[in-house]
Amino acid sequence: MNPERLHLREITRRTLFKEIGYGLGTVALASMLGETFAQSTAEGIKSHFAPRAKRVIFMFMAGAPSQVDLFDPKPLLQKHNGEPCPEELLAGERFAFIKGTPRLLGSPYEFERCGQSGQWVSELLPNFKEVVDEVAVIRSVKTDQFNHAPAQLFMNTGFQLPGRPSLGAWLSYGLGTENKDLPGFVVLVSGENNPDGGKACWGSGFLPTVHQGVEFRSQGDAVLFVTDPDGVPREVRRDTLDALRDLNRLKQQQTLDPEIETRISQYELAYRMQTSVPELMDWGQETPETHELYGTEPGKKSFGNNCLLARRLVERGVRFVQLYHRGWDNHGTSEGDDIKHRLPKLCAEVDKGMSALLVDLKRRGLLDDTLVVWGGEFGRTPMNEGRAGSTYLGRDHHPRCFTMWMAGGGIKPGLSLGETDELGYNITADPVHVHDLNATILHQLGLDHTQLTYNFMGRNFRLTDVHGEVVKKLIA
């Protein structure tokens, strides 16, 4: 750059604003990556009020579990199984795949009241029956989206299109991390098929990319390309990173791009993870009793393994761990996706691990300040989809009402919140919108969802967009 252009750059108002933004970003970044968490919370963004939880484990069942087969029994639906759906429910309704007048579909599974709380739980979740008193079951969640990709994005980012920060990214931005040697937001994936919303479900959107979710694997290297290449000793790796850092800083001085500072910090985090991740993934530290509790097999990719890894992550200070288990899209177009064959298999894959996680967190004293969330992007219809005359039993997408549950982190245990009508079609009491759910999660971590904002393209954005209320009935 010639001296005249350099001088112009130094005196322009645009440069002033860019430098101010870069300076603030550097302060925030330094606060999160400082030597101690106490220093970072003192200097960075703080909670708006005293938190009830320090961290979150969100078990996301991608594809949408059927609430009327798992948590919300409907005797009247059973009674009228196979009959045409009442026309008043169909008037003006828009379905993803149902055509014409569908037939009602009662659940083929038995329910029973469980625990001292008397929660209704399906026979498909025998282990969950034993821990149901620890959870608050919400049977009245609703969303604005009825197709998978938009609904998954909406649940995770508060918007139906890619490009917004995810819940984990907002928490990382707002609260930072308690462990400078591990990412603040980790993603674990199991099951079949990819989430329809893709990696945008755990992206950072317009927030600095240091806040995006880092996907860990449960077999092989937990994080790709973190280990030193063959023939490259640690000293050479350190010298290489130092040289890259110096080159990046020169480029940053020329462009004033804050993303370069993010890149530098991520290289340094990856270097530290070469020590922290092998220790994290050392399954031999766990007792045989713990492996039996979770049903884990070291080195195997499974939801149970991911549940145990989630516990190991949060006890090491990771702020937000999200477990995606895929394959819950049970339309009934074939035996491979119906509720008689596919649904029991899925429940068997998650029941033991999710129940063990609650037991393990509680006995280690972690459940009180760890918020656990379970659910999918929407529910399933109380009618049989019957696409193209299929004889297999399946349910279409249903955004009007579905079930999620929460535990720990100041949530009222044993609570049953919300009601649906006798056919399980509409909410009749205590509706909880997706924005309400996310507002409540942020609240439990000491964050006011209306105040956790980021200025982008001329306006302040937030996770809950323009509405959302904390569900106070959920809070103990």
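In region 108-145, how many residues are under 19 Å from I339 (Cβ atoms) and touching a residue at least 40 places away in the same chain (Cβ under 8 Å)?
Total meeting the criteria: 10.
Pick from T381, T453, T391: which is out of contact with any Phe, Trp or Tyr (no Cβ under 7 Å at 6 or more places or on another chain), at pLDDT 95 or above and of a type in the set (S, T, Y)?
Working: T453 fails: out of contact with any Phe, Trp or Tyr (no Cβ under 7 Å at 6 or more places or on another chain); T391 fails: at pLDDT 95 or above.
When all the criteria are applied, what remains is T381.
Do you know which residues across region 410-445 are of a type in the set (A, V, I, L, M), in a loop (DSSP other than H, G, I, E, B) and within 14 Å of V135 (Cβ to Cβ)?
Across region 410-445, the qualifying residue is only L415.
If you take the residues of region 387-409 that are assigned to a loop (DSSP other than H, G, I, E, B) and among the charged types (D, E, K, R), which of them is nearest to T428 (Cα to Cα)? Before you say what the answer is, go through the steps one by one.
Initially, region 387-409 is screened for residues assigned to a loop (DSSP other than H, G, I, E, B), giving 390-396, 399-401, 408-409.
Filter once more, keeping what is among the charged types (D, E, K, R): 395-396, 400.
Working: R395: 21, D396: 21, R400: 11 Å.
Across region 387-409, the extreme among qualifying residues is R400.
Got a sec? Which helices (runs of 4 or more DSSP H) wholly within region 267-386 have at least 3 residues that are crowded, with 21+ Cβ neighbours inside 10 Å?
Values: elements: 288-294, 303-314, 342-363.
Fully inside region 267-386 and qualifying: 303-314, 342-363.
Filter region 423-455 for residues that are surrounded by fewer than 21 Cβ atoms within 10 Å (Cβ to Cβ) and of a type in the set (G, A, S); which is nearest to G379 (Cα to Cα)?
That would be A429.
Residues to consider are S334, S302; find the one that is modelled with pLDDT under 95, of a type in the set (S, T, Y) and farther than 23 Å from L182 by Cβ. Before you say what the answer is, go through the steps one by one.
Values: S302 fails: farther than 23 Å from L182 by Cβ.
Among S334, S302, only S334 is modelled with pLDDT under 95, of a type in the set (S, T, Y) and farther than 23 Å from L182 by Cβ.
The values are calculated or read from the model by the stated rules, or taken from the named source; none is laboratory data. Owing to the predicted nature of the structure, the values given are computational and were not obtained by experimental measurement. Glycine gets a Cβ as well: all are built from the backbone with ideal geometry, and neighbour counts include every protein chain shown.
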